[in-house]
Each structure stands twice: as structure tokens, then as C-alpha cells.
Amino acid sequence: MAENLTKISISKIHKEGYKIILCVGLLLLIFNVCIYYFINDYFIIRLLLSIASVIFWGLVTLFFRVPQRILIGDENKIYAPADGKIVAVEQTFEEEYFKDYRTQVSIFMSAFNVHVNWVPVNGVVHYLQYHPGSYFMAWKPKSSDENERFTTVFRTQNNCEILMRQIAGKIARRIISYASPEVEYKAGEQIGIIKFGSRVDIFLPIQA
């Protein structure tokens, strides 16, 4: 993927994070004002709590960063739909849509990864389905079938179908998808975000 992808160092903040970042900032401001008035005799404690507040606010802001990328798409390649660590590459039976064996690639997004999700291939959205569910740790295999999740299937010009599944984890409680049925997308376009983490699975043809 690296040969087709250029990263630009400047990042922007995802629109889904505006309200959260503002609310957290206001709460921390109130918290620090209270600290100033109620424990004003303990300068070191005030200083440490203020520093911790700034760090926490910075981490929350970091969750919603969106790196600016230029992708030169290749019809013969499948691109990673998320930043993170690959925790599984295996053949598995996909029950929801294909109902046969596929190669599953699972990407776990930690608190320090970009949480935006990207279109993995050039193609048309052929299937969309939201599933409510549990909130197990996203790195556990059962999270793929039991956690809250959103499934999107892309069909390429070659009639190859790629299934992408956004999965919420223990901390993440909201999956956002911008996909619309029968709309064509380009590889590398933003397709959604999982607030505060978690995991994305893609299911590929066995021969891919």
C-alpha cells in the first residue's frame, strides 16, 4: 500500500469530534477553575491536575485527527480500511452475506491510531446493514459476530465483492457510516468513523 499512498503531515479534526472536544474542554475548564478556588494552598497539586487536564484534552482531540492523504488508486489492489494493527488473517465462514468461506483480515485500532475508516476498493455499495450488539474487547475474535457492528459490501467493476465490517469495542459506543446504497466510491475515500476505536474486518475472496 505504501507505494500508492502519500501522507501529508498536516492533519485536521474530524467533524464528529467537534462537539465532544468542545464539551470535554468546557468540563475541564470548570474543573480547573474549581481546583483554583478550592485547593489554592496546594500549588503542586493544582499544577499537576492542570497538566493532566491538558494532556487528557489533547488525547481526546487526537482521537479525531484526520491525516490528509493522496491515494493513487489501483483497480487490482485492496487497501486497508483502517489504521492499526492486523490481529488476524484467516479463512473463516462469513455468515451474514456471503454464506461461504472468505479470507478475513482484522485490523485493531488502539487509542493512538487514526479512527477514521476508508473505502478499501473502487466500487459500488451493494449492501448495508447495522447490527446492535455487545461491547467485548475489540481484539477478541467473538467481537466480529457479537459486538455492535455495521456491514458494508462493495462491488467492483469486475463483480468482485468485498465486505467491510466496522466493529465497536469496549470503549467505543458509536459507529458512524457515510455509505449510501448503490453509490460508487473511490478507494481511500472516507466512509465513516468509530468513535474511540475499535476494529475493522474485511472479507476477501479466498483467492485474493
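The values are calculated or read from the model by the stated rules, or taken from the named source; none is laboratory data. A quick note: this is a predicted structure, and the numbers were derived from the prediction, not measured. Counting neighbours? That spans all protein chains shown, and the Cβs are built from the backbone with ideal geometry, glycine included.
Things to note:
- Just one of the listed residues (Gly133, Gly188, Gly197) is touching a His at 6+ places or on another chain (Cβ under 7 Å), at pLDDT below 90 and not β-branched (Val, Ile, Thr), and it is Gly197.
- Flag for Val87 being more than 14 Å from Leu204 (Cβ to Cβ) and either within 12 Å of the chain's Cα centre (by Cα) or crowded, with 16+ Cβ neighbours inside 10 Å (or both): no
- Residues satisfying the stated conditions in the stretch 92-118, i.e. within 13 Å of Ile202 (Cβ to Cβ) and not in a strand (DSSP E or B): Tyr97, Phe98
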